[in-house]
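The values are calculated or read from the model by the stated rules, or taken from the named source; none is laboratory data. These numbers come from a predicted model, not from an experiment. Every residue, glycine among them, receives a Cβ derived from its backbone with ideal geometry; neighbour counts consider all protein chains shown.
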Amino acid sequence: MLLWHLGVAAVITYVSLGRRRIDYRFVLAGAIAPDFVDGVLRLAVPDNSSGRYLAHSLLAVVAVAIAILVLTSGKRRLAAFGLAVGWLLHLVGDGMWNSPQTFLWPAFGSAFSSSPAEPYSWDLLTSPLSHLSTWGAEAVGAACLAWFYVAFRLGSEGRLRRFLSDGYLRP
């Protein structure tokens with residue numbers, strides 16, 4: 001669920017922190033990072049059918065946040081910390097507390113939870129009516145992103161280009 005994670009991360013960040021000097025590019029990148037990282041890991045660990053591995057654990061978010069705090073400073077740290085914020089919001093969007101074996105890994109052993117599985121498969125396209133909740137969540141995410149596009153007038157006067165260059169939402 002790409003749009004779901006992007007939309008939820010943008011809305012929760014905006015509702016909780018507003019337009020402060022937050023680089024939303026990092027928040028959005030963090031919102032999809034766990035699926036990307038675990039997708040790469042899935043190539044190396046094909047026996048787990050859930051598709052959720054290390055990147056969907058609380059340990060991964062803490063490690064990313066600590067790395068950002070140790071390796072960066074000043075404005076770069078503030079911007080990059082959005083990556084950890086988006087990553088954590090991805091776990092919220094996935095409801096990872098329902099899979100404590102993965103969410104709290106390695107507290108319950110070295111294995112990852114086998115359910116609930118990531119909703120990515122060809123089955124989404126071949127039988128979409130079986131996955132209405134996934135498509136509904138994508139629609140909600142798309143609506144959230146559309147609201148941002150309209151509310152911050154990203155379609156006018158080069159505002160989208162400015163947002164892509166610095167990540168800030170302007171009134």
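The single residue among Ala10, Ala65 that is among the aliphatic types (A, V, I, L, M), modelled with pLDDT of 90 or more and farther than 24 Å from Glu138 by Cβ turns out to be Ala65. Write out, first by first residue and then by second, each pair whose Cβ atoms fall under 8 Å of each other, whose residues are 6+ apart or on separate chains, and whose first residue, in the stretch 75-101, is within 26 Å of Val140 (Cβ to Cβ) while the second is surrounded by fewer than 20 Cβ atoms within 10 Å (Cβ to Cβ) and of a type in the set (Phe, Trp, Tyr). Matching pairs, first to second residue: Pro100/Phe108. The listed residues are Ala29, Ala60, Ala79, and the only one of them that is part of a helix (DSSP H, G or I), modelled with pLDDT of 95 or more and surrounded by 13 or more Cβ atoms within 10 Å (Cβ to Cβ) turns out to be Ala29. Picking from residues in the stretch 2-26 that are of a type in the set (A, V, I, L, M, F, W, C) and either free of Cβ contacts under 8 Å to residues at least 60 places away in the same chain or in contact with an Asp or Glu (Cβ under 6 Å, 6 or more places away or on another chain) (or both), the one that is surrounded by the fewest Cβ atoms within 10 Å (Cβ to Cβ) is Val15.
Of all residues in the stretch 112-138, those satisfying the criterion of being at pLDDT 70 or above, surrounded by 13 or more Cβ atoms within 10 Å (Cβ to Cβ) and part of a helix (DSSP H, G or I) are Thr134, Trp135, Ala137, Glu138. Being within 19 Å of Asp38 (Cβ to Cβ), at pLDDT 75 or above, of a type outside the set (Lys, Arg) and outside any helix (DSSP H, G or I) holds for only one residue in Gly109, Gly155, and it is Gly109.
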